[in-house]
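Before any comments, here is the structure.
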Amino acid sequence: MGDRVTVYQKPTCTKCRQTLARLNECNVEFEAVNYYETPLTEEALGELINKLGIAPRELLRKDEAIYRELELGRREVADDELIRLMVEHPDLMQRPIVVRGDRAVLARPVEILDSLL
């Protein structure tokens, strides 16, 4: 297949479990990274966001309590600050993020994976 596949995920997340199952069904070798146990650095998260081709704000989980506590929907926040906050509070990040080479997708829904495989 070429490039190694890495999945940034949370084991208790239903979409993450579906993504890992889909990769296994397709016999794709991958590395699963629980970013709660192995936190991302700001630099690594910035690189992931670039590979996703989105703005940092698009990666935010808006239904999380921390999102409301930090009032992220009510104020302007610079991209580097959003990245710092997502590293500090991983619940703010949408998941799972699947990376292959220089491309990444947010596997929601899981069928989006097909564009990488």
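The values are calculated or read from the model by the stated rules, or taken from the named source; none is laboratory data. None of the values given here were measured: they were computed from a predicted structure. Ligands, DNA and RNA are excluded from the accessible area calculation, which covers all protein heavy atoms including side chains. Shrake-Rupley method; radii C 1.70, N 1.55, O 1.52, S 1.80 Å.
The mean sequence separation of alpha-carbon pairs under 8 Å and at least six residues apart, normalised by the residue count of region 1-50, gives a relative contact order of 44 percent. For the chain, the alpha carbon convex hull comes to 97 Å³ per residue, rounded to a whole number. Compared with the dominant principal axis of the Cα atoms in the chain, helix 42-52 is inclined by about 60°.
Averaged over its residues, the chain has an accessible area of 57 Å² per residue, based on protein heavy atoms and a 1.4 Å probe. Note on the chain: with neighbouring protein chains present and a 1.4 Å probe, carbon and sulfur make up 44 percent of its accessible heavy-atom surface.
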